[in-house]
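Heads up: the structure comes next, in structure tokens.
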Amino acid sequence: MGQTIAQKIIAAHRLDGEMTVGQDVALRIDQTLTQDATGTLAYLEFEAMGIPRVKTELSVAYIDHNTLQSGFENADDHEFIRTAAKKYGLYFSRPGNGICHQVHLERFGAPGKTLIGSDSHTPTCGGIGMLAFGAGGLDVAVAMGGGAYHIIMPKMTRINLHGKLSPWVSAKDIILEVLRIMSVKGGVGKIVEYGGEGVKTLTVPERATITNMGAELGATTSVFPSDEITKAFLAAQGREDVWVELKADEDAVYDEIIDIDLSKLEPAAACPHSPDNVKSVGEIGKIKIDQVCVGSCTNSSFTDMLKVAHILKGKTISESVSMTVTPGSKQVYNMLAECGALSDMIAAGARVLECTCGPCIGMGQSPKSAGVSLRTFNRNFTGRSGTKDAEVYLVSPEVAAYSAICGYLADPRELGDAVEFKMPEKFLINDNMITKPATVEEADSLATVKGPNIKDCPIGTPVPETLECECVLKVGDNITTDHIMPAGAKILPYRSNIPFLSKFCFAVCDEGFPERAKAKGQGIIIGGSNYGQGSSREHAALVPLYLGIKAVIAKSFARIHADNLVNAGILPLTFENPDDYDKLAEGDVLSIAGIDAGLAEGKLTLRSGKNEIALCVNLSERQKEMIKAGGLLAATKGAK
Ligand code: MIC
Ligand code: SF4
């Protein structure tokens, strides 16, 4: 039987386990990446493992998230990561060099290789034919140490792209259509592969916009074939040597096939507050807007920026709109400066920011009260922009730029004839902001530098035989890690200070939660479906651990968060019958007995008053052992 692209890469990297859907498969990881908001913990964890040097082919530490230095904290974290990278054998992408996913695609990604990153948008490199996964920091630390990365063998979804996009319709509109069809949980347990003749009409940066937002589908990852277009991109980056061809076999079998006719797509937007709340711009109508932000790892390539500059050229941004533009990397920024496009954006009144995540993670540029913001980003969860009552719409760069001039949500097809924005034959290559690691000989004498903001990471304790505690919080469906552990300019500097962060846990849902949980000493959280979607931040598990959370019982979990809970030593359990969710309330005293035997059997019973509720343990044998030990760090330490 033929294989899909993903199956080929998995087969070539499989260390253990059967490639049967639902089975645990251990993979060899070729490359890793971290960013600064998750990197500090990952390097503290790597250090705790006591391994002297990374064992991957390539590992890169990026600084791109926490760049608003309004106190010493972020700068201290940067210094820790810089010194850790130097000592432990990693490349270090300095602040100012760009967003990790954009830079990795440009300078390091390679078809056929595996990559894990402590950021949920790591699948961006699927645009170049890599099998790239978002993971918790601890999983990345283990992979850096040469350990395997475990996935549950996913189902295979094939999306066939037919035809060609109409003028002013964008790659963003393709992934918004996929989100409309599949929803934010439609990709759970699946790898999404793109195929069909429409693929040939898309450049690598366009493909990367699509794989990037595969994270919003909840997919394990997304991948495009590696073809002549991939080769041309790599050649333009001076890296043609890493190209290999990669395609699915003719007789590859997929569990699901979706067909999309590109010529029928229209400019679209994901409406507040979910990336799958997609409507066409026409359907939404000419709503008045207050802010437009272009950038993020989804839409900050050179061609995306050229489109924006072309639309803004000779115009002025509407009086009531504030527009920001964030190029994705130093390469993009530099090229925009050289070709004059930057000048067109500045002249139109765009507020050009340094090439980082910036407004995407609430690092500045929060909209006004109840403001309407159009963003080319990938997430529009409540409060993520830093303004609780803002209304964020996710759109393409074309919709963003044209709307910025109009002052309302506008359809860029009104701009008339198509303009061709070609990918350059040669990108500007200057890796002077990527620092090389020390040699093995030099590394010995180096030390990492830790500022006062870096605090110890909590470690889980072995799960008891009987768990008896209160339901300290009950939440609904699609709870994101932005709800569990919010980000934003005020909180992000404390990513390496779990006690401080804990004060903001679930602040969007219930400000009293941290105090209540802490006072109880231990507790259980009840969640709906797709609990923990979004970011890979392991803080969303470590902070609840710090607050005494022992188990989360939900209708279903998002993949990375479930892994992070297990790594932290918190039991993720699901309802056998999702309707039982309705039988539980905050304050109920819950009890789960016979945990050891229940784990082995895969079934546990929850007692709450007169109710007996059947729970499922969806954990691999490896994960069960980890939970018994109190999480991955506890297990690793115990093994030493
Ligand atoms: C995000 O987009 O939410 C982030 C910030 O990049 C996160 C990582 C983090 O929380 O640090 C992600 O996507 O994993
Ligand atoms: Fe950065 Fe936003 Fe991309 Fe996350 S989604 S990596 S915050 S640009």
Filter region 80-106 for residues that are within 16 Å of ligand 2 (Cβ to nearest atom) and more than 21 Å from residue 491 (Cα to Cα) and give the result. 93, 96, 97, 98, 101, 102, 103, 104, 105, 106
When you look at residue 329, is it under 30 Å from residue 425 (Cβ atoms), surrounded by 22 or more Cβ atoms within 10 Å (Cβ to Cβ) and touching a residue at least 60 places away in the same chain (Cβ under 8 Å), yes or no? yes
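Any residue at all in region 44-56 that's among the β-branched types (Val, Ile, Thr) and either within 16 Å of ligand 2 (Cβ to nearest atom) or assigned to a helix (DSSP H, G or I) (or both)?
Of the residues in region 44-56, the ones among the β-branched types (Val, Ile, Thr) are 51, 54, 56.
Then drop every residue that is not either within 16 Å of ligand 2 (Cβ to nearest atom) or assigned to a helix (DSSP H, G or I) (or both), which leaves none.
So far as region 44-56 goes, no, none of its residues is among the β-branched types (Val, Ile, Thr) and either within 16 Å of ligand 2 (Cβ to nearest atom) or assigned to a helix (DSSP H, G or I) (or both).
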Selected residue (only one of 32, 67 is touching a helix residue (DSSP H, G or I) at 6+ places or on another chain (Cβ under 6 Å) and hydroxyl-bearing (Ser, Thr, Tyr)): 32
Working carefully through the options 77, 139, find the one that is acidic (Asp, Glu), touching a residue at least 24 places away in the same chain (Cβ under 8 Å) and within 16 Å of ligand 2 (Cβ to nearest atom). 77
Considering only region 361-382, I want to know if a residue exists there that is within 12 Å of ligand 2 (Cβ to nearest atom) and part of a helix (DSSP H, G or I). yes
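Taking region 485-535 on its own, how many of its residues are outside any loop (DSSP other than H, G, I, E, B), within 16 Å of ligand 2 (Cβ to nearest atom) and closer than 22 Å to residue 581 by Cβ?
At the first step, the residues of region 485-535 found to be outside any loop (DSSP other than H, G, I, E, B) are 492-494, 498-504, 513-520, 523-527, 531, 533.
Narrowing the set further to residues that are within 16 Å of ligand 2 (Cβ to nearest atom) leaves 492-493, 533.
Next, from what is left, pick out any that are closer than 22 Å to residue 581 by Cβ: 533.
Here the count works out to 1.
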Does any residue in region 89-106 that is in a strand (DSSP E or B) come within less than 7 Å, Cβ to Cβ, of a residue that is aromatic (Phe, Trp, Tyr) six or more places away or on a different chain, and which pairs are these? 93/62
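Are any residues in region 600-640 in a helix (DSSP H, G or I), under 13 Å from residue 566 (Cα atoms) and of a type outside the set (Lys, Arg), and if so, which ones?
Filtering region 600-640 for residues in a helix (DSSP H, G or I) gives 600-601, 621-629, 632-639.
Imposing the further condition that a residue be under 13 Å from residue 566 (Cα atoms) reduces the set to 621-629, 632-635.
Across region 600-640, the qualifying residues are 621, 623, 625, 626, 627, 629, 632, 633, 634, 635.
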Select from region 57-72 the residues that are surrounded by fewer than 22 Cβ atoms within 10 Å (Cβ to Cβ) and not in a loop (DSSP other than H, G, I, E, B) and write down the one among them that is farthest from ligand 2 (Cβ to nearest atom). 72
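Can you tell me which residue in region 293-320 is nearest to ligand 1 (Cβ to nearest atom), limited to those that are more than 13 Å from residue 342 (Cβ to Cβ) and of a type in the set (A, V, I, L, M, F, W, C)? Quick ask: steps written out before the conclusion?
In the first step, residues of region 293-320 are kept if they are more than 13 Å from residue 342 (Cβ to Cβ); the result is 293, 295-301, 303-304, 307, 311, 314-320.
Within this subset, residues satisfying the condition of being of a type in the set (A, V, I, L, M, F, W, C) are 293, 297, 311, 317.
Working: 293: 14, 297: 8, 311: 26, 317: 26 Å.
By that ranking, first place goes to 297.
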Against the condition closer than 23 Å to residue 166 by Cα, more than 23 Å from the chain's Cα centre (by Cα) and at pLDDT 95 or above, how does residue 231 come out, does it pass? no
Mind listing whichever residues of region 545-562 are in contact with a Phe, Trp or Tyr (Cβ under 9 Å, 6 or more places away or on another chain) and not basic (Lys, Arg)? 547, 552, 553, 554, 556, 557, 558, 560, 561, 562
Is there a residue in region 117-134 that is over 18 Å from the mean Cα position of the chain (by Cα) and either within 16 Å of ligand 2 (Cβ to nearest atom) or surrounded by fewer than 24 Cβ atoms within 10 Å (Cβ to Cβ) (or both)? no
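The values are calculated or read from the model by the stated rules, or taken from the named source; none is laboratory data. None of the values given here were measured: they were computed from a predicted structure. Glycine also receives a Cβ, built like all others from the backbone with ideal geometry; neighbour counts cover every protein chain displayed.
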